[in-house]
Each structure stands twice: as C-alpha cells, then as structure tokens.
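The values are calculated or read from the model by the stated rules, or taken from the named source; none is laboratory data. Predicted, not measured: the structure shown is a model, and the values here were computed from it. Virtual Cβ from ideal backbone geometry, glycine too; neighbours counted across all protein chains shown.
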Amino acid sequence: MNLVSISEAAEILQSAKRVMVMGCSGSGKSTLSLELAQRLDLHYISMDRDILWLPGWQLRDRAEQLDLMVKAVAGERWVFDGSGPRSMEIRLARAEFAIWMRPPRLSSIKGVLLRWLRYMGRVRPAMAPGCPEKMDLEFLAYIWNFERDHAPSIEEQFALNGQDVPVLMLKSHQETAALLALLHKAT
C-alpha cells in the first residue's frame, strides 16, 4: 500500500480528479466525501445512495450494481464514498487517490448512533430515497467486526489493484480535521 502523510495528501488532493473514500459505517467517510466534493468541485457518488439500495431498503441486483459502478467511475471528476472490498477493483482502476477511514470501532459505533439520532425516521443525504435511517444489532455487529472481517480484504485489494494509488489512512476525527484544515489553507 502506497501510504502518504496528511500533508502529502492535502497536496495531492489539490489536483486529484478522482478520489475514493473507504471506511466502516460511522467512520465519517460520507461527511468527508461530501466536504471534499464541495471544496474540490468534484461530483459526489455514494455507494449506498447511487449503487446499492432501492427504496424500502431493497438491495439492487449485483449485476446492476456493477453496471452502475462502472458507469459512475467512468466520469472524469468524482469523490466515491463506499466500503465494499468486493468492488474496490472497479473503483481503484480509475481512482487517483484513496482515503481509508480507520477510527477505533467505538468511534464508528458512536458515529452511527449519533447519525441515527439525527436522522431517525428520515433519509440522510448519502442514502437512497425511501431508506430512512435505521439501527439494529446486526448493523452494530457489522461495525464492531469491520476491522477483523473486512480490513484484510481491503488491504489485499490495495495490494492487487491499487499499488500506484496513494492512500491516506485517517485513524481519528482529529486527523480528518487536520486534513481539512490543510486543504482550507491551500484553497
């Protein structure tokens, strides 16, 4: 994995046209992705909203998901927010830069709980229409076990398909804030 520092990332982001943001639910990836899209004048693509879900929390057919993803990454200027290691190869093939949000699991759990309280019964901006915010034990278990169950696959995808893509790993909200502060200074 081609890891870079926060200051190197801020420099790269000044000219990056295609940015992939990965991380566990509640890690802050959608919030950061929306902020980057606005600051860098890039199109925001949400895996949840634009690829995975149909109204009523119905998962799209896998073939349709892949087709939508291929079409989305064909664009010239985007920030793509999503976690799925199974589809990373498609996103990495076009990404110029990647950010991997990796805060401690309790931080992600807190993020999801706060998001649930904020959007309870409503659809948040990064989610598909007709999919109001919800919470259950299965979702919390997914977050709790994300590092164990998904991080090895993400690392493998970076090794196989993203050797030339610079990666910034953010492990706290303070690191995310530091990146945004550096971007603010540069713009």
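Return the residues of segment 27-42 that are at positive phi and crowded, with 20+ Cβ neighbours inside 10 Å; say none if nothing qualifies. Matches in segment 27-42: GLY28 only.
Condition check ((1) out of contact with any helix residue (DSSP H, G or I) (no Cβ under 7 Å at 6 or more places or on another chain); (2) crowded, with 19+ Cβ neighbours inside 10 Å; (3) in contact (Cβ under 8 Å) with a residue 40 or more places away in the chain) across all residues:
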| site | (1), (2), (3) |
| --- | --- |
| ARG94 | no, no, yes |
| GLY111 | yes, yes, yes |
| VAL123 | yes, no, no |
| GLU138 | yes, no, no |
| GLU175 | no, no, yes |
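So which residues in segment 58-80 are touching a residue at least 12 places away in the same chain (Cβ under 8 Å) and either surrounded by 13 or more Cβ atoms within 10 Å (Cβ to Cβ) or among the hydroxyl-bearing types (Ser, Thr, Tyr) (or both)? The answer is GLN65, LEU66, LEU68, MET69, VAL70, ALA72, VAL73, GLY75, ARG77, TRP78, VAL79, PHE80. Can you say whether GLU133 is surrounded by 14 or more Cβ atoms within 10 Å (Cβ to Cβ), touching a strand residue (DSSP E or B) at 6+ places or on another chain (Cβ under 9 Å) and among the charged types (D, E, K, R), as far as the supplied structure shows? Here the answer is yes, as GLU133 does meet what is asked. Among the residues of segment 151-164, the ones that are within 15 Å of SER25 (Cβ to Cβ) and in contact with a helix residue (DSSP H, G or I) (Cβ under 6 Å, 6 or more places away or on another chain) come to 1 in all. A single member of GLY23, GLY84 is on the phi > 0 side of the Ramachandran plot and in contact with a helix residue (DSSP H, G or I) (Cβ under 8 Å, 6 or more places away or on another chain), and it is GLY23. None of ARG122, ARG77, ARG62, ARG86 is under 30 Å from ALA181 (Cβ atoms) and among the basic types (Lys, Arg) except ARG77. Here GLU89 passes the criteria (1) surrounded by fewer than 17 Cβ atoms within 10 Å (Cβ to Cβ); (2) modelled with pLDDT of 95 or more except the one numbered (2). Grab the helices (runs of 4 or more DSSP H) fully contained in segment 113-187, keeping just those with 3 or more residues being within 17 Å of GLU35 (Cβ to Cβ) and small (Gly, Ala, Ser). In segment 113-187, 173-186 are the helices (runs of 4 or more DSSP H) which contain 3 or more residues that are within 17 Å of GLU35 (Cβ to Cβ) and small (Gly, Ala, Ser).
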